[in-house]
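Notes follow once the structure below has been shown.
The values are calculated or read from the model by the stated rules, or taken from the named source; none is laboratory data. Keep in mind the model is a prediction, meaning the values are calculated, not measured. Counting neighbours? That spans all protein chains shown, and the Cβs are built from the backbone with ideal geometry, glycine included. These area figures cover heavy atoms from the full protein model, side chains too; ligands, DNA and RNA do not enter into them. Shrake-Rupley method; radii C 1.70, N 1.55, O 1.52, S 1.80 Å.
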Number of protein chains: 2
Amino acid sequence: MNTLIKPIASMFFLFYLGFELQAQTDEKVLETIYKTALTNGQSYQWLDHLSNKIGGRLSGSENAELAVQYTKSELEEMGLDKVWLQPVMVPKWVRGLQEYAYIESVPGEQMAVNICALGGSVATPGNGLKAAVVEVKTFEELAALGTEAIQGKIVFFNRPMQPDLIQTFDSYGGCVDQRYAGAMEAAKYKAAGVIVRSVNLRLDDYPHTGSMSYGDMPVEQRIPSAAISTNDAEKLSALLADNPNLQFYFKQSCQQLPDVQSYNVIGEITGSEFPNEFILVGGHLDSWDLGDGAHDDGAGVVQSMEVLRLMKLSGIKPKRSLRVVLFMNEENGLRGATKYAEEAKRNGENHIFALESDAGGFTPRGFSFQAGDNNYAQILSWQSLFKPYLIHYFEKGGSGADVGPLKSDTNVLAGLRPDSQRYFDHHHAAIDTFEHVNKRELELGAATMTALVYLFDKYGIVKEERLKPVMD
Amino acid sequence: MNTLIKPIASMFFLFYLGFELQAQTDEKVLETIYKTALTNGQSYQWLDHLSNKIGGRLSGSENAELAVQYTKSELEEMGLDKVWLQPVMVPKWVRGLQEYAYIESVPGEQMAVNICALGGSVATPGNGLKAAVVEVKTFEELAALGTEAIQGKIVFFNRPMQPDLIQTFDSYGGCVDQRYAGAMEAAKYKAAGVIVRSVNLRLDDYPHTGSMSYGDMPVEQRIPSAAISTNDAEKLSALLADNPNLQFYFKQSCQQLPDVQSYNVIGEITGSEFPNEFILVGGHLDSWDLGDGAHDDGAGVVQSMEVLRLMKLSGIKPKRSLRVVLFMNEENGLRGATKYAEEAKRNGENHIFALESDAGGFTPRGFSFQAGDNNYAQILSWQSLFKPYLIHYFEKGGSGADVGPLKSDTNVLAGLRPDSQRYFDHHHAAIDTFEHVNKRELELGAATMTALVYLFDKYGIVKEERLKPVMD
């Protein structure tokens, strides 16, 4: 070999070796993370406790408080650098007695149907509400009918989820306005009440609750609003086609009580090099009350806790501060997320990356990112590391409701994206229970989140270039 | 523009336009296929009938015969060019009375455990078999113990599935030798019987059956062999650690009857241009008897039928002959597959591509291919067409047991690869039932198969170059 070339070649060799080692190191680290998650996981046992020992964790409920105490205690067991509760006032809506409803097509013949009050709804009168029904699919249809056709009647919103979209969250987005704003819209035309087809792709007997809002409507104008199971929505629609004058009865005793004190639960491993650069993983601790909230969002809670545990077990000491945040009140207020973001801003904490898991505990497929082009390019450069774990989805898109308030011009937010096909079978219904979560799928999600957190901790985020104004 | 360049540019433009149109056409066709599958599918209703009206379809059983008649009749309804039954003699093994087993660690105190006979096993003596237990994890361990330690005892094979492999079929491959050959091996050392840990990644109470073989062992040397649930395997192992002298009792009355007549069910759309080039889609119509065989392989059967239906509904007239084959006796003999391949060879039918669905009805992730490099390159060129449907897995590997005998030097075989995390929770157990199949996941699998079949029909297979001997 030419002696002049030799030192250059050596330098190149060392550079190449360094590059190879670094690449191999990331591969090895991911291997350790996944292996640990699948052979020595804790998330499934945590979820068992949250689901079966505690149960549904509606904001302001005793169960929500038990979940705060339980997860705080479990985080303390893990030997993190800090664990604390962040106080936040939350709304307290209670369902009251089990709802009851029927269709009366022939006077005196009552066909019971499955309904549940929507979260935030007012009660019916004590004896229930009985009225004729007007079926619509859109707010435009409702407006076209107007007060004359609507006044004193029950508006039945029956727009189904679109079945031919591959990502079921897109179908959800196309329907959820009926649930959230149906009562507000129908009240404009003096409807007596609202029944909404459950936001569920499947035909079954479960009513699915979820948040609704009256906006700034005066209390005396508010009308009760309930979800009906998809099977019963089909039944009601078919009977209405035969008999537009049938009567619908429903009774619910839910009410909004004064706000109560609750908490976000926070744990931290303080960064060894950049303690004021924060990486956040989280889910929401509250849930609806009909099931035990195993998928929404018990799974996200225990996966987020597991990220910090897997980092420790895998021997990774983060350079940046790594926080798990279990947000309170995502479902009906987002108070915990709002509070956390306010406090982070007040304390000048620089959250460079925040990742939420709030799409169910199913097999992970990848992530959706809110990121600028340079950071997205860096993320794509990591994609091949995930291939052995069948993680393939790395797209720009939304992140999560709880991390949303942390978005800045420079940071990156992300949401775990599990397989979504079964999610809306369970979402906000009595069938969102522990036995529908698969241990391996849950653990693979936790490992996938940990792998991404490891990479963001190691490489940080990159600077985004600002768009220059086009000259001439 | 220079007049000389213009015609060349035009040619280029036309070429480019042709290319674009062709690409767009494939995209549009796939869109139509997926949309039709999700809005106008038939596979779920077929599976409901196979699972709930018929049930488990063990080879040689009345249910298997009912399934033959039902699927033939449904294929005839579809208006295919030909539908027929291909006769094949199949083994008939029957389970007899429900099995019964217990552990007796303290004399007189019996702890019942969950077992089931393995398919093909002989019965215990009429009063059952009671003996001491020797636990092993490998055949090497068994051989090391030898006849002195084994004679007259029950060998308990307790090697669990490896939990840290991402693809659960790999974990299955690492365990199934115990089930298949455990009795054959243990009999060499004069064991009295064999108990095998169920091939299940989960800890639960279901015993999982499956095929086992005595090879060419004389009938009088054959010993009974049963699977035990994973929870009970753990229990037995723990009790053995405390008391190596405990007794195990089991009783089963299964038996092998003479072979009976059965059938492969075949339907065909004859190709418009190349009728002797065959594209095959299939699954197996037989199942085990403990559940209703919804995942294994009811799903594959109805998805394969749906492929031909979706082609017709999407207005695609295949150039090549497209066959659906519902194979009989995959589980305990592979007689249907063997017969089909023999007949295809005898008739000189050129099967250019065969695709099997036999890995459950879960969300499809892609395919595994047995293909030469040139065909694999062509397949990879189609990969981007599948991206909108979250189909990302296109790897070389195995295909399916039933299509395996059709492999030639020039053709391509493939297996649908659904998400595998939950599959072995259900496989060969009483929990393989219809309610564990999700309609959308099943339909997405059928659409994904149809899309691939459409592409193979349109583009055919490409020639593989033979490897040249390396010169010096």
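Label-point spacing at B:Asn374 relative to the other copies reads 4.8 nm, in ascending order, each point sitting 7 Å out from Cα along Cα→Cβ.
Residue by residue along A:28-36, Cβ atoms of other protein chains within 10 Å of the local Cβ number 1 on average. Taking a ≥ b ≥ c as the square roots of the eigenvalues of the Cα gyration tensor, the stretch B:96-253 is classed as rounded, since a/c falls below 1.5.
Bridges between two residues of the protein assembly as shown, per DSSP, are antiparallel at a rate of about 55%. The value of relative contact order for the stretch B:164-311, using C-alpha pairs under 8 Å at least six residues apart, is 17 percent.
Using Cα-Cα distances under 8 Å and only pairs 6 or more residues apart, what relative contact order does chain A have, in percent? Write out the running numbers ahead of the final one.
Working: 1061 pairs, mean separation 96.9, N = 472.
This gives 21 percent for chain A.
State whether the protein assembly as shown is rounded, prolate or oblate according to the following rule on the C-alpha gyration tensor (a ≥ b ≥ c being the square roots of its eigenvalues): a/c under 1.5 gives rounded; otherwise a/b larger than b/c gives prolate, and the remaining case gives oblate. Note, shape of the protein assembly as shown comes out rounded. Carbon-plus-sulfur accessible fraction, chain A (probe radius 1.4 Å, protein heavy atoms only): 53%. Distant-in-sequence amide contacts of B:Tyr393, defined by a placed amide H-H separation under 5 Å and a gap of 5 or more residues or a different chain, comprise B:Gly366, B:Phe367. Here the translational diffusion coefficient of chain A follows from Stokes-Einstein with Rh set to the Kirkwood radius across Cα pairs; for 25 °C and 0.890 mPa s it amounts to 103 µm²/s. Here's how it looks for A:Asp204: its modeled amide H is under 5 Å from those of A:Thr230, A:Asn231, which are all 5 or more places away or on a different chain. Interface residues of the stretch B:390-425, defined as those with an accessible-area decrease of at least 20 Å² between the chain by itself and the complete set of protein chains (probe 1.4 Å), are B:Leu390, B:His392, B:Glu395, B:Asp419, B:Gln421, B:Arg422. A straight line joining the Cα centroids of the stretch B:160-198 and the stretch B:216-288 runs 13 Å. Across peptide A:156-165, the average count of Cβ atoms from other chains found within 10 Å of a residue's Cβ is 2.
Contact-buried residues of the stretch B:349-377, at a threshold of 30 Å² lost accessible area versus the chain by itself: B:Thr363, B:Arg365 (1.4 Å probe; DNA, RNA and ligands ignored). Accessible surface buried at the A:B interface totals approximately 2700 Å², computed with a 1.4 Å probe on protein heavy atoms.
Which of the GluC sites (Glu not before Pro) across the stretch B:220-322 are loop residues per DSSP, with 16 or fewer other Cβ within 10 Å?
Values: sites: B:Glu220, B:Glu234, B:Glu268, B:Glu273, B:Glu277, B:Glu306; in loops: B:Glu273.
Filter output for the stretch B:220-322: B:Glu273.
Computed from the C-beta positions of A:Val219 and A:Lys317 and an R0 of 60 Å, the FRET efficiency is 0.65 to the nearest 0.05. In the complete set of protein chains, residue-level accessible area for B:His49 is approximately 60 Å², probe 1.4 angstrom.
Got the relative contact order for the stretch B:96-253 handy, in percent, Cα pairs under 8 Å and 6 or more residues apart? In percent, rounded to a whole number, it is 39.
Counting DSSP beta bridges in the stretch B:307-443, what percent are antiparallel, to the nearest 5?
Taking every DSSP beta bridge with both residues in the stretch B:307-443, the antiparallel ones total about 45 percent.
Kindly express, to the nearest 10 degrees and within the range 0 to 90, the angle between helix B:299-313's C-alpha long axis and the longest C-alpha principal axis of chain B. It works out to around 20 degrees.
For B:Val260, the residues 5 or more places off, or on other chains, whose built amide H falls under 5 Å of its own are B:Val90, B:Lys92. Within the shell of other residues whose beta carbon sits under 11 angstrom from the beta carbon of B:Leu313, the net charge comes to +2, with Lys and Arg scored +1 and Asp and Glu -1. Can you list the lysines whose alpha carbon sits under 22 Å from that of B:Lys317, skipping same-chain ones fewer than 8 residues off? Here the lysines satisfying the reach criterion relative to B:Lys317 are B:Lys28, B:Lys35, B:Lys72, B:Lys82, B:Lys458. Taking square-rooted eigenvalues a ≥ b ≥ c of the alpha carbon gyration tensor, is the stretch A:338-442 rounded, prolate or oblate, where a/c under 1.5 means rounded and, failing that, a/b exceeding b/c means prolate? It comes out oblate by the Cα gyration axes.
For the stretch A:430-467, accessible area lost to neighbouring protein chains reaches 50 Å² or more, against the chain alone with a 1.4 Å probe, at A:Asn438, A:Arg440. By DSSP, the beta bridges lying fully in chain A are antiparallel in about 55 percent of cases. Taking every protein chain into account, the accessible area of chain A amounts to 41 square angstrom per residue (probe 1.4 Å). Model label points for A:Gln98 and B:Lys458, set 7 angstrom from Cα along the Cα-to-Cβ axis, are 5.4 nm apart.
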